[in-house]
Amino acid sequence: MSLSFANSIAMQSRARALLPLCVGAGTYLFFLFVGDTLLQDSDSFWQIKIGQWILDHGALPYTDFYSFTRPGESWISTSWLSQVLFAFSYAQWGWAGPVILTATGMALTAAVFVYLLDAQIEAPRAVLFAMLALLLSIHHVLARPHILALPVMVAWVGPLMAAADRRSAPSWYWLPLMALWANLHGGFVLGLALIGPISLEAVEHAEKGQRLKLFMRWVLFGVGALIAACCTPYGWRTLMGATNILSLGELLTLIFEWMPANFATFTGFEGALLGLIALGYYRGLVLSAPRIFLILFLTWSALTHVRNIEAFAFLVPLVLAKPLGEMFPRPPADAAGADRWPARYVTALGALMIVAASWTSTSLYMGHHRFTFTMTQTPVAAVDLLEKLGVQRIFNAYQFGGYLISRDVPVYVDGRAELYGEKFVMDFFKATEGKKPELLPRLLDQYKIDATLLVADAPGPQILDQLKGWKRIYTDDIAVIHVRDNADGAALPSK
C-alpha cells in the first residue's frame with residue numbers, strides 16, 4: 001500500500017467524524033424549531049418542580065409532599081439527575097431551557113447512533129437508519145427525563161454489541177455509563193436486561209475452548225453493571241423504584257405511553273415492522289439465535305408499550321449492523337492524494353463550526369420566538385379562581401396534576417402513578433370517565449373534596465351536573481370547576 005493511499009484512508013476515516021456531528025446538528029435544529037411540540041405533557045411541570053426542590057434543599061425526596069391523598073407516603077425519584085438538569089435550564093431560560101435540553105438529548109442520540117453504525121455500514125445507510133429512528137420516536141419526544149437517557153442507552157448497547165461482534169467481553173470502562181443512566185432515568189433496567197442475550201451472541205461464536213472463560217467475563221461484567229446501577233443516592237432502592245411502574249397492571253392500558261401499539265391505522269412503527277420482515281425475505285438475512293431473540297424482545301417491548309418504540313427504533317439497527325455490513329460491504333476507499341492539511345485539523349475545525357452555527361441559530365431563534373406550554377395542560381384561569389376561593393382539597397383531572405404542583409397546589413392525583421397505585425387511579429378513571437359513576441360521590445366524600453377541576457370535554461363534569469350537592473361555577477375550553485353548594489363562591493356565575 002502506497003503512502004499516499006494510506007494517508008487518504010486515514011484522512012477519510014477522520015473526516016467521517018463530521019458525519020455524526022452534522023446529523024446531530026440537524027437533529028438539534030429540527031427539534032429546536034418544533035420546540036413547542038415538546039411542551040405538551042404536564043409531567044414536565046412536576047419533573048421541573050422536583051428538580052428545583054432538590055436544588056433548593058440539597059437533598060433528595062424520600063416521601064411524597066405534593067398530594068393530599070398520599071402525604072408522607074414512601075416515594076423516590078429515579079430520574080433525579082434529569083430533573084435537576086431540567087430545573088436548572090428552566091431557571092436560566094424559562095421554557096426555552098427544557099426545549100434546548102431536549103433537543104440536545106435527541107441530537108446526542110442521533111450523533112452517537114450514526115457514529116456506531118458507521119463502523120459497520122456505509123454512511124448513507126447509517127443516516128437513513130437515523131432518520132427512520134427519529135421518525136419512529138417523534139411521538140414520544142417530550143421535555144422529560146427519558147430523552148436525556150436516550151443517548152446513554154444507545155452509547156451503552158453499541159459497545160456491548162461491538163464486543164459481541166469481536167467475540168470478547170466489554171470493557172469495564174463502560175460501567176460508568178450504567179451509573180449515569182441509573183441516575184438519569186429508570187429505563188436503565190433495559191440496559192441490564194440486554195446484557196444476557198448480547199453475551200450469548202459473543203459466546204456462541206467464540207472458540208469452543210474459550211466459551212466458558214468468555215461467559216464468566218460477561219457474568220462479571222453483568223454483576224459490575226448491577227452494582228453500577230446502584231451507584232445512586234438511593235442505592236439499591238433505585239432498582240425497586242424503577243420496576244414499580246410495571247406492577248400497575250390494568251392501569252398501564254389507560255396511560256397513553258404505556259398502552260400497547262395500535263394498528264387500527266397505519267403507523268411508522270407498523271411500516272418499520274413490515275419493512276424488517278420484507279428485508280429478511282428479500283435479501284435472505286440470516287441471523288444468529290441471540291440476535292433473533294434480541295430483535296424479538298425489542299419488538300415485543302414496543303408492541304406491549306408504545307413508549308418502547310424508540311428503544312426498538314434505535315437498538316434494532318445496532319443489533320443488525322454487523323449482518324447488514326456483511327450483506328452490503330463498503331466500496332473500496334478512494335485512492336486520491338492526501339490533502340496538505342492533516343485531516344484531524346479539518347475535522348476539529350468543522351466540528352467547531354457546526355457547534356458555533358448551532359448555538360448562533362439557537363440565539364437568533366430565541367430572540368424572536370417565545371416557547372410556551374400547550375394550553376390544554378395548563379388551566380390557568382380555573383386555578384386562579386380556585387386560589388381566589390381558597391379551596392383546600394381539589395379533585396383534579398389526571399393531566400392537570402403536574403400544573404397544580406407547579407402552582408404549589410396540593411393534588412388529588414398526578415402523573416406519578418406508581419405512588420398512588422393501580423386501584424386508586426383506576427377508581428379515579430372509572431369515576432370520572434363514566435364507567436362507574438357511582439364511585440364519584442364516594443370518592444368526593446371519602447377525601448373531603450371542596451372543589452373539582454376536571455377536563456371540559458370529559459364525562460366527569462356532566463356527572464357532577466346531575467349530582468346533588470354540587471354546583472358548576474366555571475367553564476372554559478380547558479377545564480370545568482364544581483364546588484359544593486355550601487362552599488364559598490358557589491353563587492358565582494359560570495363563564
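The values are calculated or read from the model by the stated rules, or taken from the named source; none is laboratory data. Computed from a prediction, not measured in an experiment: that's the story for all the values here. In this analysis, Cβ positions are derived from the backbone assuming ideal geometry, glycine residues included, and neighbour counts consider all displayed protein chains.
Data overview
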quantity: Members of the range 72-112 that are in a loop (DSSP other than H, G, I, E, B), within 21 Å of T238 (Cα to Cα) and not small (G, A, S); calculated: E73, W75, I76, T78
quantity: Verdict on A87 being assigned by TED's automatic domain parsing to the domain that holds L177 and under 28 Å from W359 (Cβ atoms); calculated: no
quantity: Scan of the range 234-273 for residues that are on the phi > 0 side of the Ramachandran plot and either surrounded by 12 or more Cβ atoms within 10 Å (Cβ to Cβ) or outside any helix (DSSP H, G or I) (or both), ordered by number; calculated: G235
quantity: Test result for G196, within 26 Å of the chain's Cα centre (by Cα), under 24 Å from V286 (Cβ atoms) and assigned to a helix (DSSP H, G or I); calculated: yes
quantity: Options W236, W181: the member that is of a type in the set (F, W, Y) and either in contact with a helix residue (DSSP H, G or I) (Cβ under 7 Å, 6 or more places away or on another chain) or in contact (Cβ under 8 Å) with a residue 12 or more places away in the chain (or both); calculated: W181
quantity: Residue list for the range 167-184, restricted to those being outside any helix (DSSP H, G or I) and within 14 Å of W156 (Cα to Cα); calculated: A169, P170, S171
quantity: Per-region count, the range 239-284, residues of a type in the set (S, T, Y) and closer than 22 Å to H185 by Cβ; calculated: 2
quantity: Residue match in the range 425-446 (condition: basic (K, R), assigned to a helix (DSSP H, G or I), under 28 Å from E73 (Cα atoms) and within 31 Å of the chain's Cα centre (by Cα)); calculated: yes
quantity: Exclusive hit being crowded, with 21+ Cβ neighbours inside 10 Å, touching a helix residue (DSSP H, G or I) at 6+ places or on another chain (Cβ under 8 Å) and under 21 Å from F373 (Cα atoms), set A451, A431, A479; calculated: A479
quantity: Test: P197 is closer than 28 Å to F428 by Cβ, in contact with a Leu (Cβ under 7 Å, 6 or more places away or on another chain) and of a type outside the set (G, A, S); calculated: no
quantity: Meets criteria (more than 30 Å from Y447 (Cβ to Cβ), in a helix (DSSP H, G or I) and of a type outside the set (V, I, T)) for F45; calculated: no
quantity: All positions within the range 358-400 that are of a type in the set (V, I, T) and over 30 Å from the mean Cα position of the chain (by Cα); calculated: V391
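Conditions tested, residue by residue: (1) over 29 Å from Q40 (Cβ atoms); (2) among the basic types (K, R); (3) at pLDDT 95 or above.
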| residue | (1), (2), (3) |
| --- | --- |
| L454 | no, no, yes |
| D457 | no, no, no |
| Q462 | no, no, no |
| D477 | no, no, no |
| I481 | no, no, yes |
| R484 | yes, yes, no |
| L492 | yes, no, no |
